[in-house]
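A short worksheet on the structure shown next.
Bear in mind that the values in this text are calculations on the coordinates, not laboratory data. Quick caveat: nothing in here was measured; it's all calculated off a predicted structure. Methodologically, a virtual Cβ is constructed for each residue, glycine included, from the backbone with ideal geometry; neighbour enumeration extends over all protein chains shown.
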């Protein structure tokens, strides 16, 4: 079954999210959410939603390492 997942991220993180999603074969669209954030709408099979969650978790951990 096809479903949609949404990700909201800061614009400075957007290129990394797009890269990882493309790298993993996801189809997505990007929309401005606020002046400094964007929404990524991912269309995928329901079985792959967990993969999107893992990508998000891994990227947020990566961005936390940049702050330290």
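Here are the numbers for this structure:
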| item | result |
| --- | --- |
| Alpha carbon convex hull of the chain, volume per residue in cubic angstrom | 71 Å³ |
| The chain: angle of helix 49-67 to the longest principal axis, Cα-based, in degrees nearest 10 | 10 degrees |
| Estimated inter-spin distance, residue 62 and residue 15, nm [label 7 Å along Cα→Cβ] | 1.3 nm |
| On Cα atoms only, tilt of 14-23 relative to the major axis of the chain in degrees | 40 degrees |
| Chain lengthening between residue 2 and residue 37 when straightened (0.36 nm per residue, less Cα-Cα) | 10.0 nm |
| Normalised contact order of the chain, rounded percent, pairs of Cα under 8 Å and 6 or more residues apart | 39 percent |
| Bridge type composition, the stretch 2-67 - antiparallel percent by DSSP, nearest 5 | 100 percent |
